[in-house]
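Trainee: Dumping the structure here so I can ask a few things about it.
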Amino acid sequence: MKCFVKSVGVIDRENEIHQVTFKPGLNIITGKSSMGKSAIIEIFDFCLGNSDDTIPKGVITTRSKIYFTILEFENELIVLARSRDANKVFISETSGSLDEIFLRMKSVDQFFAPSLFLPLRDFNKELGRYFAITMTDIDEDLGPREFGKSKSSTPSVRSYASYMLQHQNLVANKHALFYRFDEKEKRDQVIDHLKIFMNFVDQEYFWLSQENNQLKAELKKIEAQIPKVKDEKSRFIARVDELLAEYKVISGTELTALTGAQIAGSVSNSFRKIRDANVRIDSIADAYTERKNGLEKERSKQTLVVRELQDKLHAVRSSISLTEDFAKTISEIPVPEYAEVNEANCPFCDAPSQHVENEANKLIAAIGWMNKELNTSSYARESFREEEGKLVKALVREKETLSGIQAKLNELGKQVEDLKKSKTVDEIALRVKHRLEGVIEDYANKPKSEFDATLQAIKTRLADIKPLLDAYNVPGKMSDLSDLINSEMARIGSGFDFEDAYQPINLKFDLHTFDLWHESPTMGDVYLRSMGSGANWLYSHLTLFLALHSVFALKHEEGCKIPPILFFDQPTQVYFPAKIDHAQTFDAKALAELTDSTARLDDDLKSVTNMFNKLVEFCEQTEKATGMMPQIIVTDHADDLVLEGKANFQSFVRATWRKRGFIAESPADPI
């Protein structure tokens, strides 16, 4: 995304404008302590929609009426502005030179029309439009919403602040890398939304992902129902076969040639055939005797199965009881803590004897073996318990089978009793026929899911979606991005003055956690918090963020939405603490004397100069490689450094605040 900061400023209560103009490339604001340098980054953040006002209290906040930032895109300028006591942000396109814009801005009430001040939520959406961030739904799975989870926050330009801003308390921090990461929700958003900001995915990707996960959930539900449907069908077939057999026993004839499975395969047609079938009786048939004999044989076999299981269960429970008693007995036996073996001599010749020691060693070995065996007692109990559970389940199942056989025999006996009560065979057979018709009718009337058709439709759609999602290749693109960032860190980091223990620097960055570490063959993975010295922490921050913005610039033609805008606030404080700099000029020697660091003054000044050299080099190299000049804004107290080659430090200075601050005592004082 081609965008850079054109201006950051304030309009005071006399409608005078105090601002700093910036350009692409390196921009430096230098000055002594407490002159408003750090306010630049806070004003920019406030105008970018920060819900918290973190502008330092003082002259600026006392005298300011409106804070503003002007952003320049390829085809337009937009003004972002905000008053201190408002929860709304002004956003409007504008045109003309900066002088013309500032002249119009002095007519505050006219330029900053109330209708152009939007609530933060609406402002973020409107600003996002300029950065092509317009997604409305980025959940990949809608399932959690069904259980009350809120819709995920959509990507916002507010997340850009984590990539752009390195505040004074962050730029050399060993515990934190990114702004706003102290809040987990904001941290997760920055990490999760990176694939969106890099233009790896679009809204269609999330809609496809939602449909894909929803279809998979439906498929899982249906597949879970299939065994239940099959079980219900199996029970239906078994019941129909039982009633057909019962009918044959009482009537001596078959009601139909159809089997239970055939009836289940064509329920409606089979029902009509059975309903229309006439009851026919063959009193001399042997069906009753055959059925009864067959059931009695089944009962005998099943009874044997039940008895064997009962015997096994009894044996297992006896074993459990024995092992528990054994363990209890062992636990009550006192075990000596130690034993002393003294030297033994022969009672006849007083010569030393090894017999006692040998026997003691045998005893120790025996005790060791016994302890090992005793330790297995608990495992044996657990094993027996597991076997007991299996046997109990099997016994319940086989008893149910035996009860079913007995119920069938009881039904045969009931038929005989009905005949004794003067009921006719025709009447009994007709009753069985009606029961069969009822079973078939109930099964036919149960709602049936068209599982096969639905399954096929879901699988077909999933097959259609898969290549569409695969085409985004998000894992592959994120992996390539990780490799590119690590490669850029290796290139950029080699130019900074890391301590010898970390040379050559080999920083790695995890896109899933946003952790940073130095990978060393001797020390292993050394995370930032474990690195020693503020210089290592500073250069780790600089290396990572320059690498990220190098990638953002490189990827801008592929639709990367993050502009390479980067703020560094007081990076040289590692060498020359900014809080003690109150002089009219930057005097490195005087600052070193105040911190008792004159012995390393030359090295520190060399490192500071090298840092600015590398920032200049980074901007030039990035523009040459990507066609886009990144923008780096440094607020610091270092000044008048002698840079390499043709680079002139003062050519990058946009403001010097030593005799006056951001807001002059008199509006006429120059910046």
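Trainee: When segment 157-190 is examined, which residues are found to be closer than 18 Å to residue 541 by Cβ and within 18 Å of the chain's Cα centre (by Cα)?
Mentor: Selection gives 181, 182, 187, 190.
Trainee: Counting just the residues of segment 145-165 that are without any contact (Cβ under 8 Å) to a residue 60 or more places away in the chain and not in a loop (DSSP other than H, G, I, E, B), which one comes out surrounded by the fewest Cβ atoms within 10 Å (Cβ to Cβ)?
Mentor: Checked segment 145-165; the qualifying residue surrounded by the fewest Cβ atoms within 10 Å (Cβ to Cβ) is 146.
Trainee: Could we say that residue 298 is at negative phi, buried (at least 16 other Cβ atoms within 10 Å of the Cβ), in a helix (DSSP H, G or I) and of a type outside the set (Lys, Arg) here?
Mentor: The answer is yes for residue 298.
Trainee: A further question on this structure: Of all the residues that make up segment 501-554, how many are surrounded by fewer than 21 Cβ atoms within 10 Å (Cβ to Cβ), assigned to a loop (DSSP other than H, G, I, E, B) and touching a residue at least 24 places away in the same chain (Cβ under 8 Å)?
Mentor: Of the residues in that region, 7 qualify.
Trainee: While we're looking at this one, here's another question. Checking residue 72 against (1) in contact with a helix residue (DSSP H, G or I) (Cβ under 6 Å, 6 or more places away or on another chain); (2) surrounded by fewer than 23 Cβ atoms within 10 Å (Cβ to Cβ): exactly one of these is not met. Which one?
Mentor: (1) is the only condition that residue 72 fails.
Trainee: Something else: Can residue 516 be described as in contact with a Lys or Arg (Cβ under 9 Å, 6 or more places away or on another chain) and modelled with pLDDT of 95 or more?
Mentor: Spelling it out, residue 516 is indeed in contact with a Lys or Arg (Cβ under 9 Å, 6 or more places away or on another chain) and modelled with pLDDT of 95 or more.
Trainee: Considering only segment 473-491, state which residues are within 17 Å of residue 191 (Cα to Cα) and among the hydroxyl-bearing types (Ser, Thr, Tyr).
Mentor: Selection gives 479, 482.
Trainee: For residues in segment 403-429 being in contact with a Lys or Arg (Cβ under 7 Å, 6 or more places away or on another chain) and at pLDDT 80 or above, which is surrounded by the fewest Cβ atoms within 10 Å (Cβ to Cβ)?
Mentor: For segment 403-429, the residue satisfying everything is 406.
Trainee: May I ask you to list the residues in segment 267-326 that are β-branched (Val, Ile, Thr) and either in contact with a Phe, Trp or Tyr (Cβ under 7 Å, 6 or more places away or on another chain) or under 28 Å from residue 390 (Cα atoms) (or both)?
Mentor: 267, 303, 305, 306, 316, 320, 323
Trainee: Name the one entry in 102, 68 that is of a type outside the set (Asp, Glu) and part of a helix (DSSP H, G or I).
Mentor: Just one listed residue meets the conditions, 102.
Trainee: So residue 250 ticks every box in (1) surrounded by 15 or more Cβ atoms within 10 Å (Cβ to Cβ); (2) within 48 Å of the chain's Cα centre (by Cα); (3) over 21 Å from residue 132 (Cα atoms) but one. Which box is left unticked?
Mentor: (2)
Trainee: Moving on. From the set of residues in segment 631-648 that are over 20 Å from residue 574 (Cα atoms) and among the polar types (S, T, N, Q), which is surrounded by the most Cβ atoms within 10 Å (Cβ to Cβ)?
Mentor: Among those that are over 20 Å from residue 574 (Cα atoms) and among the polar types (S, T, N, Q), it is 631.
Trainee: May I pose another question? Which residues, counting only those in segment 526-546, are more than 29 Å from the chain's Cα centre (by Cα) and over 21 Å from residue 567 (Cα atoms)?
Mentor: 532, 533
Trainee: Can you find, within segment 87-106, the residue that is surrounded by the fewest Cβ atoms within 10 Å (Cβ to Cβ) among those that are of a type in the set (A, V, I, L, M, F, W, C) and over 41 Å from the mean Cα position of the chain (by Cα)?
Mentor: Here the answer is 103.
Trainee: Hey, another quick one. Suppose we filter 263, 191 for residues that are in contact (Cβ under 8 Å) with a residue 40 or more places away in the chain, surrounded by fewer than 19 Cβ atoms within 10 Å (Cβ to Cβ) and not charged (D, E, K, R); which single one remains?
Mentor: Residue meeting the stated conditions: 191.
Trainee: Being in a loop (DSSP other than H, G, I, E, B) and of a type in the set (Lys, Arg) is the filter here; which residues of segment 267-283 pass it?
Mentor: Within segment 267-283, just 280 meets the criteria.
Trainee: Still on this structure: Considering only segment 526-542, I want to know if a residue exists there that is at pLDDT 95 or above and of a type in the set (Lys, Arg).
Mentor: no
Trainee: Okay, next question. Among the residues of segment 475-525, how many are under 29 Å from the mean Cα position of the chain (by Cα) and of a type in the set (Lys, Arg)?
Mentor: Final tally of qualifying residues: 2.
So that you can scan it fast, the table gives a plain yes or no per residue for (1) modelled with pLDDT of 90 or more; (2) buried (at least 18 other Cβ atoms within 10 Å of the Cβ); (3) not in a helix (DSSP H, G or I):
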position: 593; (1), (2), (3): no, no, no
position: 611; (1), (2), (3): yes, yes, no
position: 614; (1), (2), (3): yes, yes, no
position: 624; (1), (2), (3): yes, no, no
position: 629; (1), (2), (3): yes, yes, yes
position: 650; (1), (2), (3): yes, no, no
position: 662; (1), (2), (3): no, yes, yes
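Trainee: Could you please find all residues in segment 21-59 being over 38 Å from the mean Cα position of the chain (by Cα), of a type in the set (Val, Ile, Thr) and buried (at least 23 other Cβ atoms within 10 Å of the Cβ)?
Mentor: 28, 29, 30 - these are the residues of segment 21-59 that are over 38 Å from the mean Cα position of the chain (by Cα), of a type in the set (Val, Ile, Thr) and buried (at least 23 other Cβ atoms within 10 Å of the Cβ).
The values are calculated or read from the model by the stated rules, or taken from the named source; none is laboratory data. Values in this document were obtained by computation on a predicted structure and should not be read as measured data. Neighbour counts are summed over all protein chains in view; Cβ atoms, including those assigned to glycine, are modelled from backbone coordinates with ideal geometry.
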